[in-house]
Amino acid sequence: MTPISAVIITFNEERNIARCIRSLEGVVEEIVVIDSYSTDKTVEIAKNLGAIVYMQEFKGYVEQKNYALTKSTYTHVLSLDADEELSEKLKQSILEVKANWTYDGYYFNRLTNYCGKWIKHTSWYPSKKLRLWDKSKGQWGGVNPHDIFILKKYTRRKFLRGDLLHYSYYTIDQHLKQANSFSRIFADSHFQKGRKAYFFNLFFNPAWRFFRDFLIKLGFIDGIKGFTICCISSYETFLKYKRLLRLQKENRNQKGDICFFNGNKTWGGGEKWHYDIACRLMKKNYKVLAVANKHSDLLIKFRSKKIPTYSTRLSNLSFINPLKIFQLARYFHRTGVKSVIINLSSDLKVAGLAAKIAGVEKVIYRRGSAIPIKNTFLNRWIFRYLVTEVIANSEETQRTILQNNPHIFDKSKIHVIYNGIDLSEFEKISTQPVYNKINGEFIIGNSGRLVHQKGQKLLIEIALLLKNKGLSFRILIAGDGELRNELQQFAEELGVRENIVFLGFVDNIKSFMTQIDLFALTSLWEGFGYVLVEAMACGKPVVAFENSSNPELVHNGENGYLVPFMNKELFANKIENLIENRESRKVMGENARKMVSDFFTIEKTLGKFELLINN
């Protein structure tokens, strides 16, 4: 029999929660409630009925439900809203699944009760909901308030007989208030994700919604209640686009002095730097703007902090698109930007040119990779005519900028500004175990994308050397990437698979760092090892190769050990030394923490950046 955790999110649901929980009796082994600080008796009722209640401020439907998954004990999860209950037929179907779980996810119809009437038509029925699944096979996604559980590719799912009964609205006034609230959430969520509305959406979408629900989906069969639902749904659609258009207009009319330009689709160190600095400048009353890729996490994060943004699509060839350059130049000119901070070399070609055309005073290129700049005609032209200042994230990065051509840029205009960590905020982050440690086991940590640059293959070879020394250890690798299967197979071939745990992507890096005994960095190169700063901030000693910017963070024998590049035997010896010497680990960990406090805080990073843009 497969054990199941039921998860429910709540806020002021005293009218519904008892019915919901009672319908789960005999079906699940655990009921987890995530409450957003209800002011009624929701929590009291839930606890009295045996539910485990956790409190978290409401952050969005998707966010609350993903948090609920982290609190569930069992891998298999049934998710319900507080105003839902299982029908008897659905209970029986779920019990049959428990006896023989064969699919990754199960979905079923939801039947809604509206003001005392069960609605059998409109877009409300049949409404298929995926609510029973193996939580390791997916996560909640979608756009608030319309959350959806997204299973990974190649997973299998099956339809179950029986309805999920949904007690939606008890009065029409309640429905209207919820439509107003949902339209606001919809507009905010779509705006944050860079989705746009146009004037015709105000008329076409509401009209289509009514026509589809009332005629095509036979809403008229549900009588006056069906007509009411279709009217309010059409009205809600109108409000959604009206509010989204207003947000777009307000954002478009913003002006600013500093623009952070980053066209990367994925989240990384450069994106984190742009986000952190932009947010802190906003708090200090700087007029900050941002340009980000239309489908990037960075755009979402900027907009969640109310930073005015311009969303666009960029590629390596955008610099040969005159229309794209003209659009960006017009944006820079209209907003009155004085400084543009660019993160990617591909962005530099298009944004740098657009900024110059618009008459922007400072075009600042922030380089975060310690890879030599190619001495090409295009690069010489860019650094001579477009770039006014360069930020390097380490001394090593500064060196590689000029490595192939010492005259490609004026060295006095290259400023080393390290990535900083917000220690005060870092300390506030709560932690939870990411691995069940066995007594007496020494934990070595490594974090990074599973790609060639990060050198995890070398770490696996070092694991074999440690194993041959008869040491009791476990290596935790946090991160995911294209080499995961290859690395796991390599560990199998060397006979150290049981010594290495591939955790995948770890959202809370502090949880990871607090659980390890030392951090091992085997990267082939790094612009700036921010992950070293995170480990050091948690008081962990470090063992790393003496390459790239590592010597700027790790002082050999003080806060860790530096090993000649590719010397795996000495690397293993240094780890052995720390395994056997608890006092050395303690002293080095304390020194590591102090070094971060002295040199690598976000306050120091921000101070140096302000000097640059204000001079």
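What follows draws every value from the coordinates through simple rules; no lab data is involved. On a predicted model such as this, the values are computed, not experimentally measured, just so you know. Heads up, the Cβs are rebuilt from the backbone with ideal geometry, glycines too, and the neighbour counts pull from every protein chain shown.
Just a few scattered comments:
- Take 113-121, 348-356 and order them by the average number of nearby Cβ atoms within 10 Å per residue, most first; the result is 348-356, 113-121.
- Cleavage-rule hits (trypsin sites (Lys or Arg not before Pro)) in region 1-61: DSSP loop, at most 15 neighbouring Cβ within 10 angstrom: Arg15, Lys41, Lys59
- Straight Cα distances below 12 angstrom link Lys594 to the aspartates and glutamates Glu558, with same-chain residues fewer than 8 positions distant left out.
- Take each peptide in 531-537, 106-112, count the other Cβ atoms within 10 Å of every residue, and average; sorted highest first, the result is 531-537, 106-112.
- Listed by chain and number, the aspartates and glutamates whose alpha-carbon sits under 14 Å from that of Lys135, ignoring those within fewer than 8 places in the same chain, are Asp104.
- Farthest toward the positive end of the dipole of the chain, out of Gln192, Ser394, Asn439, is the Cα of Gln192, where the dipole comes from beta carbon charges about the Cα centre.
- Debye-sum result for region 1-57 in log10 I(q)/I(0), which assumes one identical scatterer on each alpha carbon, at q = 0.17, 0.18, 0.20, 0.29 Å⁻¹: -0.47, -0.52, -0.64, -1.23
- Residue separation of Lys284 and Tyr385 scaled by 0.36 nm, minus their Cα-Cα distance, works out to 33.2 nm of gained length.
- Helix 484-494 and the longest principal axis of the Cα set of the chain meet at an angle near 60°.
- Theoretical gain in end-to-end length, Asn439 to Thr171 [0.36 nm per residue, Cα-Cα removed]: 90.7 nm
- Residues of region 1-31 with amide N under 18 Å of a point placed 7 Å along Cα→Cβ from Gln178: 8-21
- Hull-based mean projected area of region 172-251, where the convex hull spans the alpha carbons, in square nanometres: 5.3 nm²
- Three-way shape call for region 4-168 based on the alpha-carbon gyration tensor, with the a/c threshold at 1.5: rounded
- What the Kirkwood sum gives for region 527-615 is a hydrodynamic radius of 13.8 Å, with every pair of different alpha carbons counted.
- Charge dipole of region 103-159 (Cα centre as origin; +1 on each Lys and Arg Cβ, -1 on each Asp and Glu Cβ, all else neutral): 200 debye, rounded to the nearest 20.
- Three-way shape label, region 575-614, alpha-carbon gyration tensor, a/c 1.5: prolate
- Each residue of region 490-558 gets 120 Å³ once the volume of the Cα convex hull is shared out per residue.
- Just so you know, the Cα atoms of the chain work out to an Rg and Dmax of 27.9, 80 Å.
- Cubic angstrom per residue, convex hull over Cα atoms of region 356-491: 204 Å³
- Beta-bridge orientation, the chain: approximately 25 percent antiparallel, per DSSP, counting only bridges with both partners inside.
- Counted by Cβ distance under 13 Å from Leu298, the other residues give a net charge of +3, where Lys and Arg count +1 and Asp and Glu count -1.
- Pairwise label distance in nanometres, Phe11 with Lys413, each label 7 Å out on the Cα-Cβ vector: 5.0 nm
- Each label point was placed 7 Å from the Cα along the Cα-to-Cβ direction; for Met55 and Asn567 their separation is 5.5 nm.
- Each Lys and Arg adds +1 at its Cβ and each Asp and Glu adds -1 at its Cβ; summed about the Cα centre, region 495-590 shows a dipole of about 160 debye.
- Peptides 383-390, 580-587 ranked from most to least packed by the mean count of surrounding Cβ atoms within 10 Å: 383-390, 580-587.
- Based on DSSP H segments of at least four residues, each scored -39500 (n - 2.57), the chain has a per-residue ellipticity at 222 nm of -13000 deg cm²/dmol.
- Note on region 422-535: antiparallel DSSP beta bridges, both residues inside, total approximately 10 percent of the bridges counted.
- Coil-residue chymotrypsin sites (Phe, Trp or Tyr not before Pro) of region 492-541, DSSP, other Cβ within 10 Å capped at 13: Phe505
- Over 26 Å (Cα to Cα) - which of Lys59/Lys454; Lys217/Lys240; Lys338/Lys411 fall in this group: Lys59/Lys454
- Ordering Asn404, Ser430, Tyr418 by the projection of their Cα atoms onto the charge dipole of region 367-431, which places +1 on the Cβ of Lys and Arg and -1 on the Cβ of Asp and Glu, puts Asn404 at the extreme positive end.
- In this simple spin-label approximation, Glu498 and Gln254 carry label points 7 Å from Cα along the Cα→Cβ vector, and these lie 5.6 nm apart.
- In the chain, Cα pairs under 8 Å separated by at least six residues give a relative contact order of 8 percent.
- Cα pair distances in region 424-599, grouped into 5 Å bins until the bin that holds the longest one, percent each: 1, 9, 19, 23, 24, 16, 7, 2, 0
- 24 Å tail of the calculated P(r), region 1-100, as % of Cα pairs: 17 percent
- For the chain, with +1 on Lys and Arg beta carbons and -1 on Asp and Glu, the positive-most of Val543, Gly495, Tyr103 along the dipole: Tyr103
- Rounded to two decimals, the Cα radius of gyration of region 254-416 over 2.2 N^0.38 Å is 0.98.
- C-alpha long axis of helix 172-192 to longest principal axis of the chain, angle in °: 20 degrees
- Antiparallel beta bridges, as assigned by DSSP with both residues in region 4-168, represent about 45 percent of the total such bridges.
- DSSP-loop trypsin sites (Lys or Arg not before Pro) across region 450-479, with at most 14 other Cβ within 10 angstrom: Lys469
- On full extension, the segment bounded by Leu95 and Leu317 gains 74.3 nm, given 0.36 nm per residue less the C-alpha separation.
- Between 0 and 90°, nearest 10: helix 456-468 axis offset from the chain longest Cα axis: 80 degrees
- Under a model in which nothing but the beta-carbon of Lys, Arg (+1) and Asp, Glu (-1) is charged, the chain shows a dipole of about 2640 debye around its Cα centre.
- Nearby aspartates and glutamates by direct alpha-carbon distance to Lys65 (threshold 14 angstrom, same-chain neighbours under 8 apart not counted): Asp35, Glu57, Asp81, Asp147
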